[in-house]
Amino acid sequence: MTETSAGSCSHEQKNLAHLQDAEIECVFELGRTVIELRAAKALKVGDLVTMDRKVGEPHELRLNGVVFAYGEAVVMQDRMVVRITSMTDHP
């Protein structure tokens, strides 16, 4: 990195510092499926809906709609949490 690009990197970091507390949407999707409207209208408490993911398969962690990492669902006390298992090559 040249001195000029190093300087502009530092300048860019200073310009973006105020964004560090900005909130972004974080989504951990367990799976998806497509069902017919007829089947959706017939769903009732206790029914099972099969998703496209298999048990043990990594799930996507998305930040503002962009895949950021992969992880697994874990229960901690009374909450579902995400254990990061791998990261994507994000900017």
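Only the coordinates and a few stated rules stand behind these numbers; no lab work does. Note that this is a predicted model, so its numbers are computed, not measured. Glycine also receives a Cβ, built like all others from the backbone with ideal geometry; neighbour counts cover every protein chain displayed.
Before moving on, here are some points about what is shown:
- Here's the picture: a label point sits 7 Å out from the Cα of Met51 along the beta-carbon direction, and within segment 70-91 the residues with their amide nitrogen under 11 Å of it are 72-74.
- Considering every alpha-carbon pair of the chain, the percent of pairs per 5 Å bin, from zero through the bin containing the longest distance, is 2, 10, 12, 15, 15, 14, 11, 7, 5, 4, 2, 2, 1, 0.
- With the cut-off at under 14 Å, measuring from each backbone N in segment 42-72 to a point 7 Å along the Cα-to-Cβ line of Thr88 picks out 59-71.
- Summing Cβ point charges (Lys, Arg +1; Asp, Glu -1) relative to the Cα centre of the chain gives a dipole of roughly 460 debye.
- Nearest 10 degrees, 0 to 90: helix 3-16 Cα axis against the chain principal axis: 50
- Placing pseudo-labels 7 Å out from each Cα toward the beta carbon at Asp78 and Leu63 gives an inter-label distance of 3.0 nm.
- Alpha carbon centroid spacing (whole Å) that separates segment 36-75 from segment 11-31: 24
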